[in-house]
Amino acid sequence: MPRRPDIRKVLVIGSGPITIGQAAEFDYSGSQACRALSEEGVEVVLVNSNPATIMTDPEVADRIYIEPLTPEFVARVLEAERPQGLLPTLGGQTGLNLAAALDRMGVLAALGVEVLGTPLSAIHKGEDRELFRAEMQRIGQPVPESIVASTPEEAVDFSLSLGDAEVVIRPAFTLGGTGGGLARGREAVWEAAERGIRTSPIGQVLVERSVAGWKEIEYEILRDADDNCIAVCNMENVDPMGVHTGDSIVVAPSLTLSDREHQMLRRAAFEIVRALGVEGGCNVQFALDPNSERYYVIEVNPRLSRSSALASKATGYPIARVAAKIALGYRLWEIQNSITRGTACFEPALDYVVVKIPRWPFDKFGEADRRIGTQMKSTGEVMAIGRTFTEALLKAARSVESTNRGLWHPALARMDEEALWERVRTPCDERLWAVAELLRRGAGPEELAAASGIDPFFIWELERLVRMERRVERDRSTQTLWMAKRMGLGDAEIARLQHRPEEEVRAQREEAGIVPVYKLVDTCAGEFPAATPYYYSTYEEEDEAEEDPRPCAVVLGSGPIRIGQGIEFDYSTVHAVRSLREAGVRAVVVNNNPETVSTDFDTSDRLYFEPLTVEDVLHVVRKERPVGVLVQFGGQTALNLAVPLARAGVPILGTSVESLDISEDRRKFYLLLDQLGIPHPDGGMAHSVEEAKQLVRRLGLPVVVRPSYVLGGRGMRIVYEAEEVEELVAAALAVDPARPVLVDAYLRGQELEVDAIGDGVNLLLPGIMEHVEAAGVHSGDSISIFPAPNVLPEVAERVVEILQELNRALRVQGFLNVQFVVHDYRVYVLEANLRASRTVPFISKVLGAPLVQIATRVMLGSSLTDLGYPGVYRFPAPRRVGVKVPVFSSEKLMGAEVALGPEMRSTGEVMGIDRNLPAALYKGIVAAGWTVPPSGAALLSVARRARRGVVPIARRLQALGIPLLATPGTAATLQSAGVPCRPLLYPEALEAIRRGEVGVLINVPTAGHDPRRWGFRLRRAAVEHRIPCLTTLETAQLYGEVLAALREEVLLAPQPMTGPAPLA
Amino acid sequence: MEARGDLCARREKTRAFSLHPEVYSDTLQCMNMQPGWLALEDGLVVRGISIGAEGISGGEVVFTTGMTGYPEVLTDPSYAGQIVVMSFPMMGTYGVSPQWAESRRPFLRGFVVREASPYTSHWAGRLTLSEYLRGQGIVAIAEVDTRRIVRHLRTHGLRRGVIAAGEWDPDELVARARSLPDLAEEDLVVEVLPEEPILLPGPGARIAVLDCGIKMGIARELAARGCEVIVLPGLVEVEEILALHPHGLVVGNGPGDPRRLDAVAQRLRTLFGRLPIFGVCLGHQILARAAGAKTFKLPFGHRGSNHPVLEHATGRVRITTQNHSYAVDEGSLVGTGFVVTHRNLHDGTVEGIRHQHLPVWSVQFHPEARPGPRDSRDLFDRFLEDVVQRAGVR
Ligand SMILES: Nc1ncnc2c1ncn2[C@@H]1O[C@H](COP(=O)(O)OP(=O)(O)O)[C@@H](O)[C@H]1O
Ligand SMILES: Nc1ncnc2c1ncn2[C@@H]1O[C@H](COP(=O)(O)OP(=O)(O)O)[C@@H](O)[C@H]1O
Ligand SMILES: [Mg+2]
Ligand SMILES: [Mg+2]
């Protein structure tokens, strides 16, 4: 059955901001699917609130709406565009929920819009846990005993009826297992059920017999309307049932399943997708008894998912592309496998092993609970490919860029055994490293397997690695080196074990001819010739990456998605690749993140799926002999490689390594600013508590404290008390006396940010961004307005002047991101980043300007004058204003601080864009998930220093008819200012949130990070109840303004984006 | 764009990389391992470590791409005469157990893997891969670049080769590979033939299964459907078959060139129309030859668990297990009364045929799976429908 001719225009729903449980994978799947649709001549209309996505580029879709993903806005887009079809399965849970809502509202029927691919009925059956169970029972697929509970009591009764067995509690209709958990015993069950019922939008939880400890196995299935089914891939979770698949270390294909078990589950998966009526992709999760062939079906995701993205990258099979073609009516066997040019109707055969390791955000949330369970906590992941499990595992371990060094973790190495065992028994982010550490100390593999529930196979493999470490420690011979490399050990790890510099290991290795070869990911294990440029390294004989004489440049990607380094950097990487290709230069990408567009098989001319370390990048450079390496797009990960790569003789394109080094070293940078006469916050280094005291005396309070060592997530802080400074400094120096603590004067004032492009002489100025929150809130967590509405002309002039001076002094060739604070009418520089920043996609989209393309050309040697931007070139102001609003995932991280501060905490962002500022602000905050107007009263509870400021805000809210509640101190201030409010004691305030009386919390903390304080508990309660939690006065004021504007009926119509002008 | 680091100029050395032989042999010594070799007639020699029996063995070198199911591969008699290269690199991870055996013992001549797991982690796994191979006297090697061998065979076609454990002169190994007989000249079926008939009792239809090296999975599938299954040595006379009064006949898989079994084909021809007949793999080729069609050798065969096969009647595709070097020549079916029912979506070769009027049909792939997808087990039901229609027995 060829494609349906009646489908000419299709609406694709994106997944919105990056949050825990919903990351960049949907940009990858979505943009791949959009291209597949366009290929068929379909007009693609795209709606997404996330500007940092490739799918919202004009190259990907025909009409783009960056609008809030709410049923109201999407309905208006549908009305305006009148597509024949809607494809909801590309936008994760958000896409599905929206489609379901539009259907319920009758919008789809009224407008004659058909849901393409998997029908909504199938989606319902897959998503609604009760319907799903019934369906499974009908077709005879085993599911664990369970009930649906709407009250905690029902849950307790059920667990008692199972003989007080452990149960797992999972709320209906949430992502990433939000609000779920394992519990045993009356009290624990009650508590978990209560929490789950609260987080579920329909107030229900599924209470289920726990099969924690069983193998967790996933299948990625594709099915067409003729009922042809294929299993693209299966994946085995190294962490057994009980740890969310998103938080598990995963291998593909399964390694401990017999063929019988594998075929049994594959077959069951087929029966399930058949029964549901899926037409497209579907993920099926099973629990398999490690001691028999018994299994249970755990859940299905009848859509593209994080797992399907991983499976795509693991196999080379473009699942999203094929799913999109199926949605258009094609049969599987009519679709071409773009890799082998054969049919897409086959199952990939792998001849390598893939390992995925999640990346958790605990470096930013020291106070958060590091245990992992049925609720996902990781923000991103890395994938590695090797010919064996050990090789792939070690490559993945050196890709995660956490505090680990390969399989070795300095903090765990210092820990006592009991603490390590605790980390093995109770799953946490450090479990893999704890197991390795215990093996090093002689613990028995069987014992570790029993304590962790991890299959002994994987523990034995770790033990082999530990044995190899021992051998490497005592023997520097070439033979040992060869064996170690073949098992996957990195040069850095070998160097650490042998107490010598990495360079020396590298030299010895090269001398002996021990260098990797590259093999192709070809979907067919070498059975057919393949036309794909997707490679991984291994230590074997045959190298398949053929020499290509055309000149090339290597673009370094940004690795796993983490707080502070998100999808924005993949956006820039992909655009850099495009502009290289346009300039006739072969683009070679090195990256290790399976969720991204940059690692799609047809994004670049060559993709090396490799760790982003000096060693691995050097190998690629040796192989490709590029004109140079581009380090400005892959965030800090790429930038950090510049110096060591340059030292190894690799040409770095763009701004010189010397300048990069100055910008990265605060001391050198301040020195440069002093030379140029550019003001910066006064500050200094504290090598002792005494020095800290002196600094505080000199600078005055508050100060910004930056321990160079991140202490349990406590990085940079603004400190208001001298004693606290001393404590922080003492604690930091206790960890590492050699590393001084930076103490700067805190400059309160308006924060501005610019992403300019320089060529050392000319300067291209897209405009100035203004933060809503004053300096002190990290630029990534501030609401940012572009172009800046409230900047005085003199300030703007000074900003440009400073930029130009930095451009000249640093001989910038490429991006120049600078953050400023305007304090007492003086412009200070906070920092400069000589790389593409987080905001590049945001301003590119508002301006409709190809900033990355321009910067790439500059890095390749063009001057801005050549490109048509001579002198200090200012882009004409856009006709619309954009507002970037951060989105947090704090509700998924139990115990994590919610208040804004100088340490970035948001996982993603959305953009509101409109002709006038209030409308853009409204769209921005709605897209970020704030309820506007609030669903209840405003609860005010602010620190003493903010009390005066809160009065006008309260007054405005009151004028808008919003009832005010306030905690005692704040209430007193309000009442004495004549603003009526209901005073509440803290416990009462907490109760009011729990009861749903509060619609917005305004809480400016006195001190953060302390879970025992009432303010902290109020903030947690607010995010857990999904009500806006505003922690600065500026944010609160903006909220009030938007509410007021809403009263005045601002026009809130969706508007399509305009594309960028082609590059001159 | 001219700037090239001097590092890039130094690349020549690494391009010509192949591991220093001394490093390699030293490494083996470190590991207390015997070297192991695979040498092809065209001169390709790879060295790894021995993980199986001592000695040397020769045969046709083939590769299979299935990622699970090595115990089933090891015991599939169709691999008689062959040295099997596994394209999936990690083998033995779940051990070996009699419950996964497809025949009484392995008949293959050698086994080549990238990494052999030194332990087994599975409730049913009894032996490690290496223990099993040693116990069964199979020469096997590990730690070689199996993907390179696969690509070599794919490009140049299947090759004769020898596999050896211990110290050998590579040139001698190549010479030995060259002196091996062509697989097509070997009577492999004789090697794998059972001595005695086997009876799997059941209340239903009596099905005779002709065993030229079958996987027991075929018999088990029938038995699971209630049939009384009698597995007969493949070279039995027609009279012996008929004497059992079977309600249907299945001609199973087996090794080698179907041309060497034309005697069997001639016998089967006399049964067309007298019994419902179902052929699998080699059985399919024999039936085609019985009908007067021709078979030919594919460049490197189909081996694995992921081959898509289109069924013409329904337009549906099934993912199948395959293990064959020979295929039925489509043109030669003209005038035989047989039509093509199934086709391989990769190379368009014939995957199934059926007689236009008589209940005689066959498939090239393995509906019994083991290893591989169970998508085609319905074919046994279809065959039994033929039996019911014809004989009225269930
Ligand atoms: N019955 C159970 N017993 C033990 N663990 C379970 C059970 N059901 C689910 N889990 C664990 O919880 C995780 C999340 O559950 P899942 O149903 O997949 O929800 P989500 O929609 O969040 O992916 C699973 O990956 C699994 O590890
Ligand atoms: N001296 C200071 N005065 C006021 N705010 C500051 C000061 N230093 C840093 N900040 C705030 O902290 C945030 C993060 O600091 P920054 O130096 O930009 O670190 P990062 O490298 O994490 O971006 C800034 O966005 C700004 O809001
Ligand atoms: Mg799940
Ligand atoms: Mg900053």
Pseudo-spin-label distance residue B:169 to residue A:341, built 7 Å along Cα→Cβ, given in nm, is 4.5
Enumerate the calculated ³J(HN,Hα) couplings along the range A:613-620 in order (Karplus 6.51 cos²θ - 1.76 cosθ + 1.60, θ = phi - 60°), each rounded to whole Hz, writing x wherever the residue is Gly or Pro.
10, 4, 4, 5, 5, 4, 4, 5
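So if we plug the beta-carbon distance of residue A:1017 and residue A:724 into 1/(1 + (r/R0)^6) with R0 = 30 Å, what FRET efficiency do we get, rounded to 0.05? Walk me through the numbers before you get to the answer.
Values: r = 21 Å, r/R0 = 0.69.
In this case the efficiency is close to 0.90.
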Percent RCO, i.e. relative contact order, over chain A, from Cα pairs under 8 Å lying at least 6 residues apart:
10
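Helix-only estimate, please: 222 nm mean residue ellipticity of the protein assembly as shown, summing -39500 (n - 2.57) across DSSP H runs of length 4 or more and dividing by its residues, to the nearest 500.
Mean residue ellipticity at 222 nm (helix-derived): -10000 deg cm²/dmol.
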Along its three principal axes, how long is the range A:756-803 when you only count alpha carbons? Whole Å, largest extent first please.
33, 22, 17
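By accessible area of protein heavy atoms, probe 1.4 Å, what ranking do A:600, A:157 get, highest first? All intermediate terms of the calculation are to be shown ahead of the outcome.
Working: A:600 0, A:157 100 Å².
Reading off the accessible areas and sorting them downward yields A:157, A:600.
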Residues with amide H under 5 Å from that of residue A:16, placed H, sequence gap 5 or more
A:49, A:50
Residue A:403 paired with residue A:671, simple spin-label distance in nm, labels 7 Å along Cα-to-beta-carbon
3.1
Net charge near residue A:76: determine it from the other residues with C-beta under 15 Å of the C-beta of residue A:76, scoring Lys and Arg +1 and Asp and Glu -1.
-2
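For residue A:982 and residue A:511, FRET efficiency with R0 = 60 Å and r from the beta-carbon atoms, rounded to 0.05? It would help to have the intermediate numbers written out before the result.
Details: r = 78 Å, r/R0 = 1.30.
So, using R0 = 60 Å, E works out to roughly 0.15.
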Going out from 0 in 20 Å bins, what whole percent of all Cα-Cα distances in chain A drops into each bin?
13, 46, 37, 5, 0
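Please go through the range A:428-521 and write out the trypsin sites (Lys or Arg not before Pro) that DSSP classes as loop and that have at most 12 other C-beta atoms within 10 Å. Write down the numbers at each step before the final one.
On the way: sites: A:431, A:440, A:441, A:464, A:467, A:470, A:471, A:474, A:476, A:485, A:486, A:496, A:506, A:509, A:519; in loops: A:441, A:476.
Qualifying residues, ordered by number: A:441.
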With θ set to phi - 60°, apply the Karplus curve 6.51 cos²θ - 1.76 cosθ + 1.60 along the range A:871-879 and write out the HN-Hα couplings as whole Hz, x wherever there is a Gly or Pro.
x, 8, 9, 9, 5, x, 4, x, 7
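Taking the range A:705-807, which GluC sites (Glu not before Pro) meet the DSSP loop condition and have no more than 16 other C-beta atoms within 10 Å? Could the numbers behind the result be given before it?
Values: sites: A:721, A:723, A:724, A:726, A:727, A:751, A:753, A:770, A:773, A:794, A:797, A:801, A:805; in loops: A:721.
Sparse-neighbourhood loop GluC sites (Glu not before Pro): A:721.
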Give, as ranges by residue number, the residues of the range A:299-342 whose backbone N falls under 13 Å from the point 7 Å along Cα→Cβ of residue A:139.
A:299-302
In whole Å and largest first, what semi-axes does the C-alpha gyration tensor of the range A:587-708 yield when each eigenvalue is scaled by 5 and square-rooted?
39, 16, 13
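Beyond 18 Å, what share of the Cα-Cα pairs of the range A:85-136 remains, rounded to the nearest whole percent? Intermediate results must be reported in sequence, preceding the final value.
Values: 394 of 1326 pairs.
Of the Cα pairs, 30 percent sit more than 18 Å apart.
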If I stretch the segment between residue A:447 and residue A:959 completely, what's the gain in nm (0.36 nm per residue apart, minus their alpha carbon distance), one decimal?
177.7 nm
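What GluC sites (Glu not before Pro) does the range A:63-159 have in DSSP loop regions with at most 16 other beta carbons within 10 Å? Present the calculation step by step, with values, prior to reporting the outcome.
On the way: sites: A:72, A:79, A:81, A:114, A:127, A:130, A:135, A:145, A:153, A:154; in loops: A:145.
Listed in order of number, the matching sites are A:145.
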I'd like the Karplus ³J(HN,Hα) series for the range A:437-453: coefficients 6.51, -1.76, 1.60, θ = phi - 60°, whole numbers in Hz, and an x wherever there's a Gly or Pro.
5, 5, 4, 4, 8, x, 5, x, x, 5, 4, 5, 5, 5, 6, 9, x
Listed residues B:33, A:917, A:365: farthest to the positive end of the dipole of the protein assembly as shown (Cβ charges):
A:917
What net charge is computed for the residues neighbouring residue A:830, neighbours being all others with C-beta under 11 Å from the C-beta of residue A:830, Lys and Arg scored +1, Asp and Glu -1?
-3
Once normalised by the length of the range A:381-475, the mean sequence separation of its alpha carbon contacts under 8 Å that are 6 or more apart gives a contact order in percent of 19
Which whole number gives the average count of other chain Cβ atoms within 10 Å of the Cβ atoms across peptide A:258-271?
6
Okay, which of the range A:187-213 sit inside 19 Å, backbone N to the point 7 Å along the Cα-Cβ direction of residue A:1026?
A:192-207
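Under 12 Å from the Cβ of residue A:747, count the other residues' Cβ atoms, weight Lys and Arg +1, Asp and Glu -1, and hand me the total.
Working: positive: A:748, A:826; negative: A:682, A:744, A:751, A:824.
For residues surrounding residue A:747, the net value is -2.
Kindly sort A:967, B:155 by accessible area of their heavy atoms, largest first, with the probe set to 1.4 Å. Don't jump to the answer; show the numbers that get you there.
Working: A:967 0, B:155 90 Å².
Listed by decreasing accessible area, they come as B:155, A:967.
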Given points 7 Å out from each Cα along the Cα-Cβ axis, report the residue B:126 to residue B:314 separation in nanometres with one decimal.
3.7
Within 10 Å of each Cβ in A:528-541, how many Cβ atoms from other chains are there, averaged over the peptide?
2
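Nearest-5 percent of antiparallel DSSP beta bridges in the range A:544-660?
On the way: 1 of 14 bridges.
Counting DSSP beta bridges with both partners in the range A:544-660, the antiparallel share is about 5 percent.
Starting from the Cα coordinates of the range A:28-109, work out the convex hull volume and express it per residue in Å³. Each step should come with its number before you reach the end.
Numbers: hull volume 6.9 nm³, N = 82.
It is 84 Å³ per residue.
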Given H placed 1.01 Å from N in the peptide plane, which residues other than close sequence neighbours of residue A:552 have an amide H under 5 Å from its amide H?
A:586, A:627
Across peptide B:316-324, what mean number of C-beta atoms from other chains lies inside 10 Å of a residue's C-beta?
4
Given H placed 1.01 Å from N in the peptide plane, which residues other than close sequence neighbours of residue B:159 have an amide H under 5 Å from its amide H?
B:61
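Filter A:356/A:892; A:364/A:668; A:215/A:892; A:377/A:623 down to the pairs with a C-alpha to C-alpha distance above 29 Å, please.
Values: A:356/A:892 21 Å; A:364/A:668 26 Å; A:215/A:892 25 Å; A:377/A:623 38 Å.
Checking Cα-Cα distances, A:377/A:623 exceed 29 Å.
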Longest exposed-site-free window of chain B, the sites being GluC sites (Glu not before Pro) in a DSSP loop that have at most 10 other C-beta atoms within 10 Å
B:3-166
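For a Förster distance of 30 Å, can you work out the FRET efficiency between the beta-carbons of residue A:121 and residue A:226, rounded to the nearest 0.05?
Values: r = 18 Å, r/R0 = 0.61.
Using R0 = 30 Å, I get an efficiency of 0.95.
The values are calculated or read from the model by the stated rules, or taken from the named source; none is laboratory data. Every value quoted in this text rests on a predicted model; they were computed, and no experiment measured them. With ideal geometry, Cβ positions are generated from the backbone for all residues, glycine too; neighbour counts draw on all protein chains shown. SASA here: full protein model, heavy atoms, side chains in, ligands and nucleic acids out. Shrake-Rupley method; radii C 1.70, N 1.55, O 1.52, S 1.80 Å.
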